[in-house]
1. Among the residues of the stretch 375-388, which ones are out of contact with any Gly (no Cβ under 9 Å at 6 or more places or on another chain) and crowded, with 23+ Cβ neighbours inside 10 Å?
2. Tally time: how many residues in the stretch 89-102 are buried (at least 17 other Cβ atoms within 10 Å of the Cβ) and out of contact with any Phe, Trp or Tyr (no Cβ under 9 Å at 6 or more places or on another chain)?
3. Under the condition of being of a type in the set (Gly, Ala, Ser) and in contact (Cβ under 8 Å) with a residue 24 or more places away in the chain, which residue from the stretch 275-293 is surrounded by the most Cβ atoms within 10 Å (Cβ to Cβ)?
4. Please go through (1) under 26 Å from residue 43 (Cα atoms); (2) touching a strand residue (DSSP E or B) at 6+ places or on another chain (Cβ under 7 Å); (3) buried (at least 23 other Cβ atoms within 10 Å of the Cβ) for residue 200 and return the number of the only condition it doesn't satisfy.
5. Given (1) over 14 Å from residue 128 (Cα atoms); (2) of a type outside the set (A, V, I, L, M, F, W, C); (3) part of a loop (DSSP other than H, G, I, E, B), where does residue 55 come up short, assuming only one miss?
6. Please determine whether any residue of the stretch 134-151 is of a type in the set (Gly, Ala, Ser), over 30 Å from residue 340 (Cα atoms) and either within 16 Å of the chain's Cα centre (by Cα) or crowded, with 22+ Cβ neighbours inside 10 Å (or both).
7. So for the stretch 174-193 (the condition being among the hydroxyl-bearing types (Ser, Thr, Tyr), free of Cβ contacts under 8 Å to residues at least 60 places away in the same chain and closer than 26 Å to residue 109 by Cβ), does at least one residue qualify?
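All of the numbers you see were taken from the coordinates with simple rules; none came from a lab. Just so it is clear, the model here is predicted, and its values are computed rather than measured. Cβ placement follows ideal geometry from the backbone for every residue including glycine, while neighbour counts extend to all protein chains displayed.
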Amino acid sequence: MARDQVDMTPIESRDELVAWFAAGEKPPDKFRVGTEHEKFAFTLARHEPVPYDGPRGIRALLEGMQSLLGWEPITEGPNIIGLSDVTGGGAISLEPGGQFELSGAPVATIHRTCSELMAHLSQLREIAEPLGIGFLGLGMTPTWTRAEMPVMPKGRYRIMTNYMPKVGKLGLDMMYRTCTVQANLDFSSEADMVKKLRVSLALQPVATALFANSPFTDGKPNGFLSFRSEIWRDTDTDRSGMLPWAFEPGMGYERYADYALDVPMYFVKRGDHYIDVAGRSFRDLLAGRLPELPGVRATVSDWANHLSTIFPEVRLKRYLEMRGSDGGPWRVLPSLSAYWVGLLYDAASLDAANELIKPWSAQERQRLRDEVPRLGFKASIQGRDLLSLARETLALSRAGLKKRNRLDPYGADETRYLVPLDEFVERGRTPAEELLEKFHGPWGGSVDPVFTEYAY
């Protein structure tokens, strides 16, 4: 989840909210990609969740990383809750159940993303191993119950934890028991943003299938390939989903701003203090009419923080966030960024993908999204299975990456990061189906080997 912003400039009008998005536009030669990934910390001895406090807890892990990296600590009250790389732009943060997140810096190539990831995991191992901590790359905790999950000392999470059961059945599972990998990409204009948003929303189920990696809950198969994706269908419909209106005429920054204004707030932050305004309207904050904060008006920080509490399949900030994929083993993490960079940053590939998705109706897009958590590659749209869609979009992505021609020091281009996804498509099996085969085969009906075979 996003770090809280600090910019107390007052917002005077709705137009300023719209302009905030437009300020993210960049010329194509300045396009970057940022990769975020979450992973579960577990005790090496007993494969249990890692608490925040104690000599072998998350706090000790963060303090060790701070000492190693020299990054700035992010604190809340007496607690360290993250680290910020003020020079490079990356950060380490905590999800509600102690999931450890690297928010990568915006970088120019997938090669840089891969190097950043390798360095992070190597540094993390150096600190974590003496503490008896390992990390697991899956989309959902395979064995731990919701009650077993630790709670991180963050004010925004307390407010969300109280609010989630009021708006859906699975929001607490989303917060405490899931992990994702995300790719963040730039746009050059409002029209470019709209085209990229539509293509990535329509094709998000393809990425969900390619990365489907959460088939276990409470130590047994849960009937889904991406239960993490299913969880989002019953978390909070006000702030999640496929944004069907984004495909309607007149879509742009203004339309997204109006959508965000209608999404209920969680909190307003002043200093280190989170004020619980869950369910209230940002429009009332704009007008200084929030009952909890009479006369207090919205700031730029309030808007940025509010946008970070909206969870559609693709999220607009000053860049676009691809949000449909399960966390996974380290080898596949750069693949997500490679897939979307190849599709969205090459004009020909983007146009071809746009033509591919244009005939789909809102109902068809929604049905594909609803089917994919259970069916994976066997989900279909307009009589076409998702496996063939994955194959076609991977070919478009590969063509886009080839044309970019960003080479590593050994002369290899970025297409090599698509290889793990090619392998899933060649076999016609999602990562989750491979996990289930192991569970029913060599693992003998036990999930426990996952802590060895899928650890970072």
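1. 376, 379
2. 2
3. 278
4. With (1) under 26 Å from residue 43 (Cα atoms); (2) touching a strand residue (DSSP E or B) at 6+ places or on another chain (Cβ under 7 Å); (3) buried (at least 23 other Cβ atoms within 10 Å of the Cβ) applied to residue 200, the lone miss is (1).
5. (1)
6. No: zero hits.
7. Within the stretch 174-193, not a single residue is among the hydroxyl-bearing types (Ser, Thr, Tyr), free of Cβ contacts under 8 Å to residues at least 60 places away in the same chain and closer than 26 Å to residue 109 by Cβ.
The rows are residues; the columns are (1) buried (at least 16 other Cβ atoms within 10 Å of the Cβ); (2) assigned to a helix (DSSP H, G or I).
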residue: 59; (1), (2): yes, yes
residue: 75; (1), (2): no, no
residue: 83; (1), (2): yes, no
residue: 87; (1), (2): no, no
residue: 105; (1), (2): yes, no
residue: 121; (1), (2): yes, yes
residue: 124; (1), (2): yes, yes
